[in-house]
Structures are given as C-alpha cells and as structure tokens.
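The values are calculated or read from the model by the stated rules, or taken from the named source; none is laboratory data. This is a predicted model, so every value here is computed, not measured. No Cβ is skipped: glycine too gets one built from the backbone with ideal geometry, and neighbour counts run over all protein chains shown.
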Amino acid sequence: MITYRNTLTGRTVDRPGPDDVMDKSDRWERVGADGDVDQREIVRHDQQARETVIPPRYDPSQHTVAEVNEHLATLDPEERARVLAAERDGKARRGILAAADPTDNPTVDPDAE
C-alpha cells in the first residue's frame, strides 16, 4: 500500500501500488507510514527535474554573423523566424538580415539585373 498526500489540501489517498500519474504530479507526494514525505521520492523527483531541463534558446546576439548564418541554415521555419525576430529586435546586423531575406534590405534592389 502506498499513501499519497495532496500538497495543496493535505488530503491523503491510499493506492495498492505506485501510481505513475501521481508520482509525476507536483500536487501529490508519497508519504511514509509516519506521515513524512518519502525521501526516496524527493530524490527521484529531483532527478526527473534535472533530466527534463529545457536547453536555453539560441540567442543570436551571443554569436558572430557567420555563426548565426550557419545556424539559420539548419533550422525549421518556425525557429528560423524566431531567431531572425530576435536579431531584428536586438543587434539588427545587416549581414544576417540581408542574407536571410534580400528583399527586406532597402539597399538591395531584388529586381536589379
């Protein structure tokens, strides 16, 4: 028998065995027979949190023009648009923005021969 305690209400629920949904939830914690939180579960949740850390988003301002252009060539359209928007809102380097969209560069006439 495993006892879970709701972290918001304090309500406890007994389950015949481990419950994956409750184990993954921030609202439920396993408690021992004495009512204390099961320390093994705290460690397990900490390990899960470390494993699911989302990497930081690519920040073009932290890279050279050549690095950003190389990175842009590897991206899907949605992430490419996000990186270009970050560049436009940040340093707005012509070497990146003009290479990404020559029609967006006022110094280049796309119809010129």
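Quick notes
- Of all the criteria given as (1) within 30 Å of Ala100 (Cβ to Cβ); (2) at pLDDT below 85; (3) surrounded by 14 or more Cβ atoms within 10 Å (Cβ to Cβ), the one not satisfied by Val65 is (2).
- Which numbered condition Ala81 misses (of (1) at pLDDT 90 or above; (2) under 18 Å from the mean Cα position of the chain (by Cα); (3) exposed (fewer than 10 other Cβ atoms within 10 Å of the Cβ)): (3)
- Flag if Asp89 is of a type in the set (Asp, Glu) and modelled with pLDDT under 85: no
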